[in-house]
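Enquirer: Right, I'll just put the structure down here and ask away after.
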Amino acid sequence: MIAASGLRWILTLMFAAPVLYGLWRLALPGTGLTGRVGHVLHAAMGVLMIAMAWPWGMDLAVAPQVVLFTAGAVWFVGASLIRPGGRSRTGAVAAAWPHALMMGAMAWMVEAMAASGSAAGHGGGGHAGHEGHAAAGSGLAAMSLTETGPSVASALLAVALTAIGLVWLARAFDLARVQVPAPAGGPAPAGANTTAAALDPACHAVMALGMAVMFALFV
């Protein structure tokens, strides 16, 4: 849970963007099965990241979330190998691993927070112990990971997700920058739809950077 209300709302809006984008892509008739599953997983992750920022989200059951996001990580890797979508398998895996990492990181975060709360003596079915477990340091998060191992892992994931988010953000800017406006009365030139194409990496960047903030707060 995020204790600072301003940061809580900022993260809520950040995670809401990929949720809405994923739902929009699901509604498009041209989205294939692999894409639909991926968008469902990202939308679910965005919803649960929003929940994690609020007090009520700490009462959600841990096991279903861990199962969902572990399965999501396996899905992205498996789908890239079975259905590379016009890429080589190496290229498909290279494109899929950031998504798999985000899914795995989400599963790890949920489990680590639950374990940390239980270790504090407040066991329960959800993220137990969040009310009485105040974070050291900045005080922006109402819960921190007290063990050295999880804290180091959280810091490393924050760095990795920041790097992934910045790469995606740069890709989104590159795609948006090459757009050429259509001449008056003429057909749209090649690359005119790149702004729409930029939404995909942009939303992934927002998700990754928001997750990086969450991981940094739990260190």
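Enquirer: Report yes if M58 is touching a residue at least 60 places away in the same chain (Cβ under 8 Å), hydrophobic (A, V, I, L, M, F, W, C), under 19 Å from L161 (Cα atoms) and in a helix (DSSP H, G or I), otherwise no.
Expert: Answer is no for this residue.
Every residue, every condition in (1) more than 23 Å from A205 (Cβ to Cβ); (2) at pLDDT 80 or above; (3) crowded, with 17+ Cβ neighbours inside 10 Å; (4) not basic (K, R), yes or no:
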| site | (1), (2), (3), (4) |
| --- | --- |
| F76 | no, yes, yes, yes |
| L81 | yes, yes, no, yes |
| G85 | no, no, no, yes |
| A92 | no, yes, yes, yes |
| H99 | no, yes, yes, yes |
| H122 | yes, no, no, yes |
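Enquirer: Also: Tally time: how many residues in the stretch 152-191 are modelled with pLDDT of 80 or more and either farther than 25 Å from P98 by Cα or surrounded by fewer than 17 Cβ atoms within 10 Å (Cβ to Cβ) (or both)?
Expert: 12
Enquirer: Return yes or no: is T31 polar (S, T, N, Q) and at pLDDT 90 or above? Quick ask: steps written out before the conclusion?
Expert: On the way: polar (S, T, N, Q): yes; at pLDDT 90 or above: no.
No.
Enquirer: Another question, then. Any residue in the stretch 2-19 that is in a helix (DSSP H, G or I), in contact with a Phe, Trp or Tyr (Cβ under 7 Å, 6 or more places away or on another chain), at pLDDT below 95 and not aromatic (F, W, Y)?
Expert: Step one: filter the stretch 2-19 for residues in a helix (DSSP H, G or I), giving 5-19.
If we keep only those that are in contact with a Phe, Trp or Tyr (Cβ under 7 Å, 6 or more places away or on another chain) too, we end up with 8.
The next check asks that each one be at pLDDT below 95; those that pass are 8.
Okay, now just the ones that are also not aromatic (F, W, Y), so 8.
So far as the stretch 2-19 goes, yes, one or more of its residues are in a helix (DSSP H, G or I), in contact with a Phe, Trp or Tyr (Cβ under 7 Å, 6 or more places away or on another chain), at pLDDT below 95 and not aromatic (F, W, Y).
Enquirer: Further question: List the residue pairs whose Cβ atoms are under 7 Å apart, where the first residue sits in the stretch 70-93 and is under 13 Å from T34 (Cα atoms), the second is assigned to a loop (DSSP other than H, G, I, E, B) and not acidic (D, E), and the two are 6 or more positions apart or on different chains.
Expert: Within 7 Å, the pairs are A92/P84; A92/G85.
Enquirer: Follow-up question, since we're still on this one. Failed condition for I50, given (1) free of Cβ contacts under 8 Å to residues at least 24 places away in the same chain; (2) among the β-branched types (V, I, T); (3) surrounded by 17 or more Cβ atoms within 10 Å (Cβ to Cβ), with all others met?
Expert: With respect to (1) free of Cβ contacts under 8 Å to residues at least 24 places away in the same chain; (2) among the β-branched types (V, I, T); (3) surrounded by 17 or more Cβ atoms within 10 Å (Cβ to Cβ), I50 is out only on (1).
Enquirer: So, in the stretch 138-151, of the ones that are assigned to a loop (DSSP other than H, G, I, E, B) and either among the aromatic types (F, W, Y) or more than 9 Å from V219 (Cα to Cα) (or both), which residue ends up modelled with the lowest pLDDT?
Expert: Among those that are assigned to a loop (DSSP other than H, G, I, E, B) and either among the aromatic types (F, W, Y) or more than 9 Å from V219 (Cα to Cα) (or both), it is S138.
The values are calculated or read from the model by the stated rules, or taken from the named source; none is laboratory data. None of the values given here were measured: they were computed from a predicted structure. Please note: Cβ atoms are built from the backbone with ideal geometry, for glycine as well, and neighbour counts cover all protein chains shown.
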